[in-house]
Amino acid sequence: MWYHGNLIHVEDSAAAVGGGDVSCNLNGVQLSGLAVSKKTADFLSFDGSVAVYAGERLGRGIVTDAVTTPVVNTSAYFFKKTSELIDFKYGRYGNPTTVVAEEKISALEGAESTLLMASGMCASIVMFMALVPAGGHIVTTTDCYRKTRIFIETVLPKMGIEATIIDPADVDALEHALDKNEVTLFFTESPTNPLLRCVDIELVSKLCHSKGTLVCVDGTFATPLNQKALALGADIVLHSATKYITGHNDNAAYLIIRGMKTLHLRVQQQNTTALRMAKLLEGHPKVTQVYCPGLVSHPEHYVAKQQMTGFGGVDSFEVSPKLCFGVEDFEDLNADIDKSQPQQQPIELSQPQQLSEASAKAQAPAVIVQAPAVAAAANVTLV
């Protein structure tokens, strides 16, 4: 039996009819190397169950037989025979705790494998270094995480790597870039940060693959529950796991595993809260533009509706030049934000705490607003 998408396929019908154990894959990924019953396989067709059970135990005990996957704090391992050395021989090559987190994410994404890195930016940089040769060419989008854009524009050129930057919805510009250059990689976020633009992943994947170009999607703002980029044709998916996947900004693999067990509940609530907030903002007299893929007014609403099961927990919006009485400039805005927040403000989305932030470093004034269980990102007059 193997599981992919929303279908359960039984290869050994006799075993299934007889109630026997069958091997089970989740989204094409082997679950724990264990035999499971058909009833269990049906149960594991739900993403919420996958997030809880996938990868756990790995078909053997990990240090102890504890129900909760433990933190394995070591860089070296005992082995009874040389064949065991293949699994774990040194911390740099893998760790029993991190492997559980990797297999759990693989099962949710339908990926062949997952590799945990020290940070989201580290994952992006390693991906560029591994896939794009010196003198190569990439295509990316105008709206994306600012630090990624800085790396693309300032570091990659030192290796002779050129970049064509297009609007996320401009398919013609992508086709032109593919025809004009020998493009190694198309890298995009979907939804993007901070304007939440949505790229038609299936369409751009077909275009890129016809030219031999790889497609990498940063799905941080979507999560694997709202969007299956690999199933839509992407070759690689990136996530900053300290955001929605973990849910509490922790970065240890153990805490990612723990956080993912409530991922389906948190994402559902974040989807609901963000869409409700977006609709309220859209009717506010001092808000001039709201960016939320769930709104009909969003430029790629039809794309998001087609490829996402939920629209994510981030809203961005623009306000009128004079925000409100007494707010004349950026410093006034910062002062008002300070008054409205708890004494200590977090600086990262996805946490349960409320978050508002203004940044003068963006190309235009920016404010980031987060309600409990929902974050908004930004670029000034942009919130």
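Where a number appears in this text, it was derived from the coordinates with a stated rule and is not lab data. The structure displayed is predicted, hence computed values, not measured ones. Cβ atoms come from the backbone with ideal geometry, glycine included; neighbour counts cover every protein chain shown.
Using a cut-off of 30 Å between Cα atoms, the listed pairs 147/305; 104/180; 228/279; 228/261; 81/104 include 104/180 as exceeding that distance. Report note on the peptides 105-111, 235-241: ranked by the mean count of other C-beta atoms within 10 Å, highest first, their order is 105-111, 235-241. Taking label positions 7 Å along the Cα-Cβ direction at both residue 89 and residue 202, the computed distance is 4.5 nm, reported to one decimal. A viscosity of 0.890 mPa s and a temperature of 25 °C, combined with the Kirkwood radius over C-alpha pairs in the Stokes-Einstein formula, give the range 120-260 a diffusion coefficient of 160 µm²/s.
Model label sites at residue 71 and residue 162, defined 7 Å from Cα along the beta-carbon direction, differ in position by 4.9 nm. Restricting the GluC sites (Glu not before Pro) of the range 178-211 to loop positions (DSSP other than H, G, I, E, B) with no more than 15 neighbouring Cβ atoms within 10 Å leaves 182.
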